[in-house]
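Working notes, beginning with the structure itself.
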Amino acid sequence: MTSDQTTESAVPGPRSAELHRRREAAVARGVSSVAPFYVAGARDSRLVDVDGRSYIDLTSGIAVANVGHAPKHVIEAIHAQAESFLHTCFMVAPYEQYVAVCERLNALTPGAFAKKSLLVNSGAEAVENAVKIARYATNRPAVVVFENAYHGRTNLTMAMTAKAHPYKDGFGPFAGEIYRAPMSYPFRDPAAMTGEEAAARAIDVIERYVGAARVACVVIEPIQGEGGFVVPAPGFLPTLRQWCSENDVLFVADEIQTGFGRTGHMFACEHESVVPDIMILGKALAGGLPLAAVTGRADLVDRVHPGGLGGTYGGNPVACAAALATLHLLEAMNAPARARGIEKIMRPRLDALAARYPFIGDVRGRGAMLALEVVRPGTKDPDAARTADIVRSSYDEGLAVLSCGMYSNVLRFLPPLSIDDALLVEAMNRLDHVFERVAAA
């Protein structure tokens, strides 16, 4: 895992191929994987497969490994907690670690008001609890989400998620009272449309088809993740936030993928000084262990009766110990500043690729959350096939990358914030080779 060079063996190698045969016999077909190899180890910004091949990781396990894979401080915290106790269930016998994580999140998230938090296992579970709190606090049924949104795979969160395949096909009927509004998507909106105008378009849909008095909350990713790393035009989020305040609608920011320094602020809503009523947090919170959270205004969160929120494993003590260590590392490394430093290296290289290859229609993102949208040259027509070729060629080149987007035509880059500059430059050099190969094919 220390070498900068990949091996010459084909991907997948023989051991990965054998594991794949075992997988096909044992693992549900509906669980898919992007990488053609199987991992044997991961440290900092590298993955090593079972055949000994090394990859520079530009995925972070989908924005989880912000502090890198297996950082020593987090591993030590996990070991120490595991030796003490693994589980009691916070609802049965509570413990300090849960309380400490909530204290840290209440202090870290934007807003000068008093806050309280709830810990759960996954992002989707956090989304569901945020909706429960919003409906309970407002006594209203309707939840507004947006085009391209991704919020999870449970029944409620599938209803909130926009993309049909593979997330929703055949799984309905879905939960009711979910309504979808148009999103600000600068690459695909009319060229002259401002963020304020895009927000007015969304608000018009909400008011005409739902009615403000029926809306409990608006749930939005400040930068959309699975939907294509869509950064709304400036003014969109503040205008929507203002409308929510004027109509007693709760503004819920889903920061599961964008949180904890990823975009150049600790949270993406801070780019435009938007303060949510409720925030949904996850992924990078515990450095690789399953933990998510809902943090919101105390006067809202505390309206729910005792026993109305919780779960057997939510706020597991080992995950909480990992979270406290991870939050310490994020602060020590100045994660937002490091994300901005990554952008300074990556963005010019991605812009140069766009200038060279006409099938790159857009370069976008913030901090260490960057993307390329792949289209047919001279159009904005999505090119999912070429995108898949780029992803596959990246693995051959020793790079781990992902695609996303409503049309599966967006390449997304999520390097660990701990990646060193030299390795990041090497990753960009390899990406150049990938594009050369795909363009020549």
TODO: Select from segment 349-370 the residues that are of a type in the set (Asp, Glu) and part of a helix (DSSP H, G or I) and list them in ascending order.
DONE: Asp351
Open item on the list: When the residues of segment 274-309 are narrowed to those that are under 20 Å from the mean Cα position of the chain (by Cα) and in a loop (DSSP other than H, G, I, E, B), which ends up nearest to Met369 (Cα to Cα)?
Closed with: Gly282
Task: Single residue of Ala162, Ala212 found to be over 19 Å from Gln242 (Cβ atoms), surrounded by fewer than 20 Cβ atoms within 10 Å (Cβ to Cβ) and among the hydrophobic types (A, V, I, L, M, F, W, C) - done: Ala162
Open item on the list: Cβ-Cβ under 6 Å, sequence separation 6+ or interchain: first residue in segment 367-396 and closer than 17 Å to Arg188 by Cα, partner of a type in the set (Lys, Arg). Which pairs?
Closed with: Ala371/Arg364; Ala371/Arg412; Val374/Arg386; Asp383/Arg376
Task: Any hit, segment 81-100, residues being buried (at least 20 other Cβ atoms within 10 Å of the Cβ) and among the β-branched types (Val, Ile, Thr) - done: no
- [ ] Scan (1) touching a Ser or Thr at 6+ places or on another chain (Cβ under 6 Å); (2) within 17 Å of Ile133 (Cα to Cα) for the single condition Pro232 breaks and write down its number.
- [x] (2)
TODO: With respect to Leu372, determine if the residue is in contact with a Cys (Cβ under 9 Å, 6 or more places away or on another chain), buried (at least 19 other Cβ atoms within 10 Å of the Cβ) and over 24 Å from Leu281 (Cβ atoms).
DONE: no
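Show me the helices (runs of 4 or more DSSP H) found entirely inside segment 2-121 where at least 1 residues are more than 30 Å from Ala298 (Cβ to Cβ) and of a type in the set (Lys, Arg). Step through it out loud before you land on a result.
Numbers: elements: 14-26, 60-63, 72-84, 96-108.
Correct list: 14-26, 72-84.
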- [ ] Of the numbered conditions (1) closer than 25 Å to Asp51 by Cα; (2) within 22 Å of the chain's Cα centre (by Cα), Ala337 fails exactly one; give the number of that condition.
- [x] (1)
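Laboratory data are not the source of any read-out in this text; all were calculated from the coordinates shown. A quick note: this is a predicted structure, and the numbers were derived from the prediction, not measured. Neighbour counts run over all protein chains shown; Cβ positions are idealised from the backbone, glycine included.
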